[in-house]
1. Taking the range 252-290, which residues are within 11 Å of H223 (Cβ to Cβ) and in a helix (DSSP H, G or I)?
2. Given the criterion closer than 17 Å to D535 by Cα, open to solvent by 20 Å² or more (accessible area, probe 1.4 Å) and in contact with a strand residue (DSSP E or B) (Cβ under 9 Å, 6 or more places away or on another chain), identify the matching residue among S485, S474.
3. Restricting to the range 212-247, what's the tally of residues that are assigned to a helix (DSSP H, G or I) and within 13 Å of the ligand (Cβ to nearest atom)?
4. Quick one: count up the residues across the range 188-211 that are out of contact with any helix residue (DSSP H, G or I) (no Cβ under 8 Å at 6 or more places or on another chain) and assigned to a loop (DSSP other than H, G, I, E, B).
5. Here are R460, R515: which of them is out of contact with any helix residue (DSSP H, G or I) (no Cβ under 8 Å at 6 or more places or on another chain), open to solvent by 10 Å² or more (accessible area, probe 1.4 Å) and touching a residue at least 12 places away in the same chain (Cβ under 8 Å)?
6. Looking only at residues that are among the hydrophobic types (A, V, I, L, M, F, W, C) and more than 25 Å from F166 (Cα to Cα) in the range 74-97, which one is farthest from the ligand (Cβ to nearest atom)?
7. Given the structure, is S529 surrounded by 14 or more Cβ atoms within 10 Å (Cβ to Cβ) and hydroxyl-bearing (S, T, Y)?
8. Tell me, which helices (runs of 4 or more DSSP H) lie completely within the range 291-359 with 2 or more residues that are closer than 16 Å to A280 by Cβ and touching a residue at least 60 places away in the same chain (Cβ under 8 Å)?
Amino acid sequence: MTHELTAPRLASASSKTTESVGWWRDAVIYQVYVRSFADSDGDGVGDLRGVRSRLPHLARLGVDAVWLTPFYVSPQADGGYDVADYRTVDPLFGDLSDADELVRAAHALGLRVIVDVVPNHTSDRHPWFREALAEPPGGPARARYHFRPGRGPGGMLPPNDWESVFGGPAWTRAAGGEWYLHLFAPQQPDLNWEHPEVAEEFASVLRFWLDLGVDGFRVDVAHGMVKAPGLPDIGRGAQATLIGTEPLPFFDQDGVHDIHRSWRRLLDEYGGDRIGVAEAWAPTSERLALYVRPDELHQAFNFRFLTCPWDPALMRTVIDESLAATAAVGATTTWVLSNHDVVRHVTRYGGGAQGLARARAAALLMLALPGSAYVYQGEELGLPEVADLPAEVRQDPAFLRTAGQDGLRDGCRIPLPWSGQEPPYGFGPAGTWLPQPRDWAGLSVAAQTGDPHSTLELYRAALELRRALPGLGSPDAGPLVWQPSPEGVLLFTRPGFACTLNGRGTVVELPSPGRPVLSSAPVETDGRSVRLPQDSCTWWAL
Ligand code: NOJ
């Protein structure tokens, strides 16, 4: 027989968020990419009022918290990751009272709110950088950034061979002949964290948002604020391809941990449940775990899980190494499959029906693992990457600086479809800043609601079950134990719970591990044996 799998309805989708100490250890946190979530005023760009209007979707989905991408004053050279004023909301997104009301409304629904902080660099329009540019070489305001004389005749060459993550040299020449460092776009000059005013300023910025009531920060480029002494050459090109796999003099320097320790002390002053999550790229799981030592940040995105291809054996290795590395420092692992910087996982896993099947299975796998999980807006709808955007609508500086490299970041930032038959699919009163595909009507929240086969209902059921079964998610419920399984299949148990992943392209028959409670594709079982569909994940109650 084919099991119709239903999840029990729970009284409150957000009851868990009222627990205090350690809430983040198994929290499901939803990433809102503000400019693409919901638009309240018809300018085609999502905004804070738009987010507030759609909070009921998140409460019903059953997440514990929301992470909002930057909404601060910015020229938007990099989607707001170029901040010109850290304490003011960009008029594009609303104003401070909108931020305040959004935090209150979220809290009223039992949702915590995490905001982005961007400490590695400012915008080139930040008052500090304007001041620096107005000074002659060697001026004191330049000391807040990394200004250096060039090399070669007349200082015509950059001070070292570092490359921007977005392509091209990491240095731009300023008036007066000095060069300044920007690991990202030229509009994002890197701050010099050895300058005392930098640390003071960011402590004050953190307090500003904590006082407004936010529950924590996602720390942008948390691995980048400290550079190797002397800014040494690397000696090879294509440096962006080395990030997260090899040591680099501009990333993951030991000195960044002093900053995170000081921020942890500051967060703890606010009562112990305000958190910091590191966007950190480190060459190994062990190096990454250093960011979540007991006196540092609370979470660090597990990008090794995100970048792992659809290969159960490799996935198992990443899971084991991640759990071991974080356990060694007493922290939990923070799983993630997609975000606003990477190709959506439906497409990474092959696209089409196969990519969607794998993405649904990967979501159940992720949500079954001990620890916290991040859900990127739209993954609960099974959205694919939009790959065929015309060059003239693209806005990602990474695209613009690399002469049209494929697979970069606009295609995962398409405004969400909420309802209706044609663009803007309920995103807002009119238009969208990036064009939505004309065939997304069936992917909207409204279209998927109530359809038991939809990806949205799968996520809703999964998050309900995660609250009901302690063996799911909670790192404290007991160990994850791998059980024998055929090649291409993963089977693990936790107290009262089992999870199977069939990563093969064919049906696999197994002795039934228990009672199926949720599956990414229909399973057939006679109670003794089970036929696992290809590219599927199933949850079992024991
Ligand atoms: C990581 C952010 O997620 C990305 O969007 C941004 O471009 C870089 N950091 C630079 O701030």
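1. Scanning the range 252-290 gives V256, H257, I259, H260, R287, L288, L290.
2. S485
3. Going residue by residue through the range 212-247, those that are assigned to a helix (DSSP H, G or I) are 212, 239-242.
Still in the running and within 13 Å of the ligand (Cβ to nearest atom): 240.
Within the range 212-247, residues that are assigned to a helix (DSSP H, G or I) and within 13 Å of the ligand (Cβ to nearest atom) number 1.
4. 2
5. It is R515.
6. Step by step, filter the range 74-97, then rank; the result is L96.
7. no
8. Output list reads 303-307.
The values are calculated or read from the model by the stated rules, or taken from the named source; none is laboratory data. Everything numeric here is computed off the predicted structure, so don't read it as measured data. As a convention, Cβ positions derive from the backbone with ideal geometry for all residues, glycine included, and neighbour counts pool all protein chains shown. Keep in mind that these areas ignore ligands, DNA and RNA; they rest on the heavy atoms of the full protein, side chains included. Shrake-Rupley method; radii C 1.70, N 1.55, O 1.52, S 1.80 Å.
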